[in-house]
1. From the backbone phi of the range 209-226, what are the Karplus-calculated ³J(HN,Hα) couplings (6.51 cos²θ - 1.76 cosθ + 1.60, θ = phi - 60°) in whole Hz, Gly and Pro given as x?
2. Normalised by the number of residues in the chain, what is the relative contact order in percent for Cα pairs under 8 Å and 6+ residues apart?
3. Between Gln55 and Asn452, what is the FRET efficiency for a Förster distance of 41 Å, r being their Cβ-Cβ separation, to the nearest 0.05?
4. Show me, for the range 58-68, the HN-Hα J-couplings you get by feeding each phi into the Karplus relation (A = 6.51, B = -1.76, C = 1.60, θ = phi - 60°), rounded to Hz, glycine and proline as x.
5. Highest mean first, what order results for 128-136, 210-218 on Cβ atoms within 10 Å?
6. Which of the peptides 53-66, 74-87 is most tightly packed, and how do the rest follow, judged by the mean count of other Cβ atoms within 10 Å per residue?
7. Using 7 Å Cα-to-Cβ label points, what is the Glu41/Tyr20 separation (nm, one decimal)?
8. Stick to Cα atoms and the Kirkwood definition of Rh, then tell me Rg/Rh for the range 91-351.
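The values are calculated or read from the model by the stated rules, or taken from the named source; none is laboratory data. The shown structure was predicted, so the numbers you read here are calculated from the model rather than taken from an experiment. In this analysis, Cβ positions are derived from the backbone assuming ideal geometry, glycine residues included, and neighbour counts consider all displayed protein chains. Accessible surface is based on the protein model in full, side chains and every heavy atom, while ligands, DNA and RNA are left aside. Shrake-Rupley method; radii C 1.70, N 1.55, O 1.52, S 1.80 Å.
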Amino acid sequence: MSDSPSLQVLAQVARAAAAYRSEVDAAEHTPVARYADILAEFAGPLPERPGDAEQIIADLIQKATPGIRASTGRRFFGWVIGGSHPTGVAADWLTAAWGQNAGNVLAAPAASAVEAVAAGWLLDLLDLPRDASVGFVTGATVANFVCLSAARSEVLRRSGWDVEADGLYGAPKVEVVIGADAHATVYSGLKYLGLGARRARVVATDADGAMLAEDLERVLSEIDGPTIVIAQAGQINTGACDPFKAIAPACRAHGAWLHVDGAFGLWARACPKRAHLAAGVELADSWATDGHKWLQTPYDSGYAIVRDPEAHRRAMAISASYLPPAEGSERDPSAYVPELSRRARGFATWAMIRQFGRAGIADMVERCCAVASEMADRLAAEPGVALVRPVTLNQFMLRFGDDDAMTRQTIARVQDESVCFVGPADWRGRTVMRLSVSSAATTEADAAASANSIARCWRSVRD
Ligand SMILES: Cc1ncc(COP(=O)(O)O)c(C=O)c1O
């Protein structure tokens, strides 16, 4: 066996990946193998001796493939999962092959420069302040955490407290205000930051899960001192956006930092026909969003965007004697993320923005929304099926027979039939089928075939 690693594996993987992608649309939407089966396939003693690269990769493909969920398929409507577009995947492969450590500009000049360009493009696409700073992180969970770190830093700085140096012991109390239908991962950020998930003051929401501006004003009138308000663009079940035009001035008047979790909903801004849904979001102080949802990058792509780059850097920057600082206007990628050594995430983002262009992104977002409406209307016409809330974006919920058990049974049958994949959620204490149309690959024909499958499965439960 040769001492140098085999480069054949790269070509081997390219062939296998292309074959997988060309078959995935016809693939069943439920993995054939379950966790326990895959575990049994992979389990074995720790290898004591070096292996053969091509054999290792062949084994990986053979053993894992039966348990790969077809989430890049065109009829996948579970959770909010983008299509992992081949151009983004190709850029991501190069990222891995180049093996850049995008922690600093000297180690990775191209990665740093491409992040700078992609950051500017993102601000333009999302129509956010062009001088905001952008951290390229793993996803919206971490983007929320980064933005809330900058928020915590700034609201405490204004109260004369240096949280980076002195921590939270003895600090002025930070009030956190959040909508009742916020995403679970925002609470993770509060946990990591010592702000406490349970301490947040909850603002009432409307039937779609959007914050009631008057209730926010009531909550704000009851508190003072450093305050962070967490709003959202794109409620996970309804797609609803908070009324930013009303809540942003209320936050400003109170001196509060307004953060927006816009994991997918912020992309409405990139689509002229839907931009009004998130009107006023540009008035916020920070925004979290994902590339691996509506920009269709492969996984490991989110963006933490902060109006005040100083606050962003104060919360995140790392310095050490052996790390050369960026010079002049050079971007230091690690200054905006909670990592030092890291993947060069800018390449895939840059490639996907080039792939679609501004017009292509707008078309894709609109197509997903139109397909969601079409599917919802088609299914709501079926006796016994209720569309729980009107569709405004790409997310919608269905309920079957106005009954939790029948709804769960229908979901199980749809998953068994495998034409498409859908999952359950709870909404206002009741079980629903929740669908997300988030893949660029989904066509109207896919939507029709999927709606037919859902209707067929429901009839088999109902009759
Ligand atoms: C509104 C919202 N916020 C945050 C997240 C978490 O994003 P990620 O899983 O990319 O970390 C999601 C994921 O679906 C989401 O929909």
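1. Result, ordered by residue: x, 8, 4, 8, 4, 5, 6, 4, 4, 4, 4, 4, 5, 8, 10, 9, x, x Hz.
2. About 22 percent, as a whole number.
3. After rounding to 0.05, the efficiency reads 0.40.
4. Along the range 58-68, the couplings run 4, 5, 4, 5, 5, 7, 7, 3, x, x, 8 Hz.
5. Top to bottom by mean Cβ count within 10 Å: 128-136, 210-218.
6. Numbers: 53-66: 14.2, 74-87: 21.4.
For the peptides 53-66, 74-87, the packing ranking is 74-87, 53-66.
7. It works out to 1.1 nm between the two label points.
8. 0.97
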